Amino acid sequence: FGVLLWLMTYVGAIFNGLTLTILVTVAIFIVPLVYRKHKVHINQYLGLVTGQIKEFTAKIQAKLPGSKPKAE
């Protein structure tokens, strides 16, 4: 959380509040359209990323003492 706040100070130094509001508003309408158009490819890559994250967390949990990976 602290790192996120620290990174947001740099974003705040570049953009002001009105610019961020406009960018978020545009993204709200553009992102669903892009997702609908490229759904297959986006889901494929999201599956790869979630698999990598699960493998990484399993490795970390295996190295930590007293923690066992969840059984699915």
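The values are calculated or read from the model by the stated rules, or taken from the named source; none is laboratory data. Values in this document were obtained by computation on a predicted structure and should not be read as measured data. Heads up, the Cβs are rebuilt from the backbone with ideal geometry, glycines too, and the neighbour counts pull from every protein chain shown. Note: areas computed on protein heavy atoms with side chains; ligands, DNA, RNA excluded. Shrake-Rupley method; radii C 1.70, N 1.55, O 1.52, S 1.80 Å.
Descriptive notes on the structure:
- Pairs of Lys residues in the chain are counted when their Cα atoms are under 21 angstrom apart and they lie 8 or more places apart or on different chains; the count is 5.
- Computed 3J(HN,Hα) for region 18-28, one whole-Hz value per residue from the Karplus formula 6.51 cos²θ - 1.76 cosθ + 1.60 where θ = phi - 60°, is 5, 5, 4, 5, 5, 4, 5, 4, 5, 5, 4, glycine and proline marked x.
- Over the chain, accessible surface divided per residue gives 96 Å², non-protein components excluded, 1.4 Å probe.
- log10 of Debye I(q)/I(0), alpha-carbon scatterers only, for region 1-60 at 0.15, 0.24, 0.26 Å⁻¹: -0.80, -0.90, -0.92
- Among I30, I42, I14, the largest mean-square fluctuation in a Gaussian network model of the chain (Cα springs under 10 Å) belongs to I14.
- Using alpha-carbon coordinates, inclination of helix 39-63 to the longest axis of the chain, degrees: 50
- Among the trypsin sites (Lys or Arg not before Pro) within the chain, those in coil by DSSP and having at most 10 neighbouring Cβ atoms inside 10 Å are K70.
- Selected from I14, V31, G66, residue furthest toward positive end of dipole (the chain; charges at beta carbon): G66
- Protein accessible area in the chain, 1.4 Å probe - carbon and sulfur %: 72
- To the nearest 10, the accessible area of T19 is 50 Å² with a 1.4 Å probe.
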